[in-house]
Amino acid sequence: MNRQQKKMSRREFVRTMAAGAAGTMVLSVGVPSLFAATPRRGGVVKCGMSFLIQTPDPHRRNGAWARQDAALAWEGLVDPISLGERFRIAAEKGAENVPEIKPMLADSWDIENNGARYVFHLKKGVKFHDGKEFDSGDVKWNWERIRDPAHFAAARKSMAQYIESIETPDRYTAVANLTQPYAGFLMGNAWVNAPMMPKDCIPYGKNFGQGDHKSDRAAPPGTGPFEMVEFKQNDKAVFKAHKDYRIPGLPYLDGVEFLVVKDQPRTLALRSGDLHYIYGVLDDYFATLFKNKKLYQTFEADNLMFYPWLFNETLTIYLNCHPTKGNSPFKDEKVRQALSLAIDRKGLAQALYGNRGIPAVQGFLPEESIWGFDNIKVPAQDIAKAKQLLKEAGYSDGLEVEFAITPTFGKNDQMAQIVQQMVRPAGFRVKILSQMGLQYWSHLVKMDYQMMVFHTGGDDPMSRYYGFLHTDNTKTTQGYSFGSAVKDPEMDRMLDDMAAEIDVMKRREKFKEIVLRTKEKAYFLPYMRYALANGWSKKVKNFHPENYYIAEQAFREAWLES
């Protein structure tokens, strides 16, 4: 049996849906399909979204909602390969042959000094929304801003921590000299991690739109096809076309509006024609449409268009390991292990999403990524062992724990209630705390929670595993890892060793040991991936989300039918 056959037989669900991705054709960006109508200029697409970026500072956040906003307005030196293309190549050639990135604001790059020096050759004539031309000085400023802990940049570790010095030998060349070889630097410079803004557009030490920072702009300028011109975090984000966009003739639309709408009304508004596009079609409705369909292949149903895709990170229960903050019992390894064993991941995935849910115990799926491993299995629920571990930890009568969730994402409220019932027989008495926006996400900075929900996986092992497991010495972390509050010298050594390895297969083996140690220590608990769909009106033409890493990027080449 070859590698592809072995991988594709691993799970019935993924095998069946991924098979369709192998036939997906990648269209040229900015060039309408030969069978499409003539492009029409003008019009504003109204989109129903579940949430918006917490603050319009693209360095500050890089989660799922932040990327939807960033997809329109900001770009980076490189662009991650689309999810559809990843599945297609993995199915045809194996996950180890899937490229990670392609050029965006950089035309090309050279990797020198055994992976410790990166030379980027920039595109010429690229304009920011404020009219300034993009150049190497902007790259230097963005790298320095992300690297400085004062700005709380989401990609500080994955992108900038190894930068020792920066050179700008000419206007269109930017050079990063690193303290060591680092294979993750290219993905770290993708737009989802290091979006480019014009030099000095935000004062030092400030985050755009937060604290005492004031601006007459709704958001800092980017080079994307649309400019954010209005932002109300719990209401809407408004984007207008960037008339000097780097790809001639694009975008066709005058603008895009993101409107915050709850799940059920969002789907109803799409079906009634009040919205052109929505993120996350109502699950029960999607389930009836998805039968016999394939992931990453657009299909028509109910006089609408749908794009089914696999959420690109693993939903994960994060546990606060800090010895004092949050009064967390999960500082004890046995308590963490007990909770992991008390959760029935297969049952949880089935209860929430039926056959569209995939139980998981790692951040990446082997069907789509070289960073996923077939032989790391989802553990079976074991209540007896969980009870024994709690007894050994001093909790013979069980214990009460607080589980913070944000109901604005997915089915967190239902998930928490199911977990609450699952783990009760083991001795966990779970109190669910439903929180919104910054009230919820600030827990990762303050480390004042016990349990909460986020993602694992990301764009590269450096995104979440390194970011949430490696110790940090900033003012907020004080020698513990960000968010998870882990302090594990052996994990630090393993993560540093993996980061410095430039041979991809050797790096993969080092990362596997990290995944296994994370599972053994139960530092966080990945539990599932799931299939969902975005939907849009047939009035939206030339919209091809399968060609992009984030579906909303496809608005740059779409138009509205009259």
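Between Gly354, Gly372, Gly410, which is under 30 Å from Ala91 (Cα atoms), out of contact with any Phe, Trp or Tyr (no Cβ under 9 Å at 6 or more places or on another chain) and not assigned by TED's automatic domain parsing to the domain that holds Ile81?
Numbers: Gly372 fails: out of contact with any Phe, Trp or Tyr (no Cβ under 9 Å at 6 or more places or on another chain); Gly410 fails: out of contact with any Phe, Trp or Tyr (no Cβ under 9 Å at 6 or more places or on another chain).
Unique residue meeting the criteria: Gly354.
Among the residues in the range 183-200, are any at pLDDT below 90, hydrophobic (A, V, I, L, M, F, W, C) and in contact with a Pro (Cβ under 9 Å, 6 or more places away or on another chain)? Among the residues of the range 183-200, not one is at pLDDT below 90, hydrophobic (A, V, I, L, M, F, W, C) and in contact with a Pro (Cβ under 9 Å, 6 or more places away or on another chain), which makes the answer no. Applying the set (1) closer than 14 Å to Val139 by Cα; (2) surrounded by fewer than 15 Cβ atoms within 10 Å (Cβ to Cβ) to Lys199 leaves exactly one unmet item: (2). Looking across the range 520-562, the residues that are in contact with a Ser or Thr (Cβ under 8 Å, 6 or more places away or on another chain) and within 26 Å of Tyr465 (Cβ to Cβ) come down to Ala522, Tyr523, Phe524, Leu525, Pro526, Tyr527, Met528, Arg529, Tyr548, Tyr549. For the range 389-420, enumerate the residues that are in contact with a helix residue (DSSP H, G or I) (Cβ under 6 Å, 6 or more places away or on another chain) and modelled with pLDDT under 95. Selection gives Thr406, Pro407, Lys411. Among the conditions (1) β-branched (Val, Ile, Thr); (2) more than 18 Å from Leu532 (Cα to Cα); (3) crowded, with 23+ Cβ neighbours inside 10 Å, the only one that Thr324 does not satisfy is (3).
Matching residues to (1) more than 18 Å from Ala154 (Cα to Cα); (2) without any contact (Cβ under 8 Å) to a residue 24 or more places away in the chain; (3) buried (at least 16 other Cβ atoms within 10 Å of the Cβ); (4) not aliphatic (A, V, I, L, M):
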site	(1), (2), (3), (4)
Ala176	yes, no, yes, no
Met187	no, no, yes, no
Ala190	no, no, yes, no
Pro195	no, no, yes, yes
Asn207	no, no, yes, yes
Gln210	no, no, no, yes
Ser215	yes, yes, no, yes
Ala219	no, no, yes, no
Phe226	yes, no, yes, yes
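Among the residues making up the range 325-347, those that are assigned to a loop (DSSP other than H, G, I, E, B) and either closer than 26 Å to Pro461 by Cα or at pLDDT below 95 (or both) are Asp332, Ile343, Asp344.
Which residue is nearest to the chain's Cα centre (by Cα), if the candidates are limited to the range 535-557 and must be within 21 Å of Ser272 (Cβ to Cβ) and outside any strand (DSSP E or B)? Show your work before the answer.
Filtering the range 535-557 for residues within 21 Å of Ser272 (Cβ to Cβ) gives 535-541, 543.
Among the residues that remain, those that are also outside any strand (DSSP E or B) are: 538-539, 543.
On the way: Lys538: 28, Lys539: 29, Phe543: 21 Å.
Among residues in the range 535-557 that are within 21 Å of Ser272 (Cβ to Cβ) and outside any strand (DSSP E or B), the one nearest to the chain's Cα centre (by Cα) is Phe543.
Between Leu310, Leu295, Leu268, which is surrounded by fewer than 18 Cβ atoms within 10 Å (Cβ to Cβ) and among the aliphatic types (A, V, I, L, M)? Break it down stepwise before answering.
On the way: Leu310 fails: surrounded by fewer than 18 Cβ atoms within 10 Å (Cβ to Cβ); Leu295 fails: surrounded by fewer than 18 Cβ atoms within 10 Å (Cβ to Cβ).
Just one listed residue meets the conditions, Leu268.
I'm trying to understand the selection: among the residues of the range 406-454, which are closer than 30 Å to Ala153 by Cβ and of a type in the set (S, T, N, Q)? If the condition is that a residue be closer than 30 Å to Ala153 by Cβ and of a type in the set (S, T, N, Q), then Thr406, Thr408, Asn412, Ser434, Gln435, Gln439, Ser442, Gln450 are the ones that fit. Among the conditions (1) farther than 22 Å from Ala66 by Cβ; (2) in contact with a Gly (Cβ under 8 Å, 6 or more places away or on another chain), Asp283 misses just one, which is (2). With the condition kept exactly as written, say whether any residue in the range 461-484 is assigned by TED's automatic domain parsing to the domain that holds Ser369, out of contact with any strand residue (DSSP E or B) (no Cβ under 9 Å at 6 or more places or on another chain), at positive phi and not basic (Lys, Arg). Looking through the range 461-484, at least one residue is assigned by TED's automatic domain parsing to the domain that holds Ser369, out of contact with any strand residue (DSSP E or B) (no Cβ under 9 Å at 6 or more places or on another chain), at positive phi and not basic (Lys, Arg).
Report whether or not Gln350 is under 24 Å from the mean Cα position of the chain (by Cα) and without any contact (Cβ under 8 Å) to a residue 60 or more places away in the chain. Taking the combined requirement at face value, the residue satisfies it.
Each row is one residue, and each column tells you yes or no for (1) hydrophobic (A, V, I, L, M, F, W, C); (2) surrounded by fewer than 22 Cβ atoms within 10 Å (Cβ to Cβ); (3) touching a residue at least 24 places away in the same chain (Cβ under 8 Å); (4) assigned to a loop (DSSP other than H, G, I, E, B).
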site: Asp496; (1), (2), (3), (4): no, yes, yes, no
site: Ile502; (1), (2), (3), (4): yes, yes, yes, yes
site: Arg507; (1), (2), (3), (4): no, yes, yes, no
site: Lys512; (1), (2), (3), (4): no, yes, yes, no
site: Val515; (1), (2), (3), (4): yes, yes, yes, no
site: Tyr527; (1), (2), (3), (4): no, no, yes, no
site: Ala533; (1), (2), (3), (4): yes, no, yes, no
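Filter the range 421-448 down to residues that are in a helix (DSSP H, G or I) and modelled with pLDDT of 95 or more and give me whichever is surrounded by the most Cβ atoms within 10 Å (Cβ to Cβ). Lay out the reasoning, then the answer.
Within the range 421-448, the first condition is being in a helix (DSSP H, G or I), and the residues that meet it are 421-426, 437-446.
Keeping just the survivors that are modelled with pLDDT of 95 or more gives 421-426.
Numbers: Gln421: 10, Met422: 21, Val423: 25, Arg424: 14, Pro425: 14, Ala426: 23.
The qualifying residue surrounded by the most Cβ atoms within 10 Å (Cβ to Cβ) is Val423.
Considering each residue of the range 418-432 in turn, none proves to be among the small types (Gly, Ala, Ser) and touching a Pro at 6+ places or on another chain (Cβ under 7 Å). Looking across the range 383-412 at every residue that is of a type in the set (Asp, Glu) and not in a loop (DSSP other than H, G, I, E, B), the one that is nearest to Trp441 (Cα to Cα) is identified as Glu402.
Give the residue, chosen from Tyr296, Tyr277, Tyr307, Tyr318, that is in the same structural domain as Ile418 (by TED's automatic domain parsing), in contact (Cβ under 8 Å) with a residue 60 or more places away in the chain, in contact with a Phe, Trp or Tyr (Cβ under 8 Å, 6 or more places away or on another chain) and of a type outside the set (S, T, N, Q). Can you show your working first?
On the way: Tyr296 fails: in the same structural domain as Ile418 (by TED's automatic domain parsing); Tyr277 fails: in the same structural domain as Ile418 (by TED's automatic domain parsing); Tyr307 fails: in the same structural domain as Ile418 (by TED's automatic domain parsing).
Tyr318 is the lone residue from the list that is in the same structural domain as Ile418 (by TED's automatic domain parsing), in contact (Cβ under 8 Å) with a residue 60 or more places away in the chain, in contact with a Phe, Trp or Tyr (Cβ under 8 Å, 6 or more places away or on another chain) and of a type outside the set (S, T, N, Q).
Restricting the range 393-420 to residues that are within 16 Å of Leu315 (Cα to Cα) and of a type in the set (Val, Ile, Thr), which is surrounded by the fewest Cβ atoms within 10 Å (Cβ to Cβ)? Before you say what the answer is, go through the steps one by one.
At the first step, the residues of the range 393-420 found to be within 16 Å of Leu315 (Cα to Cα) are 403-419.
Then keep just the ones that are of a type in the set (Val, Ile, Thr); that gives 405-406, 408, 418-419.
Details: Ile405: 23, Thr406: 20, Thr408: 20, Ile418: 17, Val419: 25.
For the range 393-420, the residue satisfying everything is Ile418.
The values are calculated or read from the model by the stated rules, or taken from the named source; none is laboratory data. Note that the coordinates shown come from a computational prediction; the quantities given were computed from them, not determined experimentally. Note that we place each Cβ from the backbone using ideal geometry, even for glycine, and neighbour counts take in every protein chain shown.
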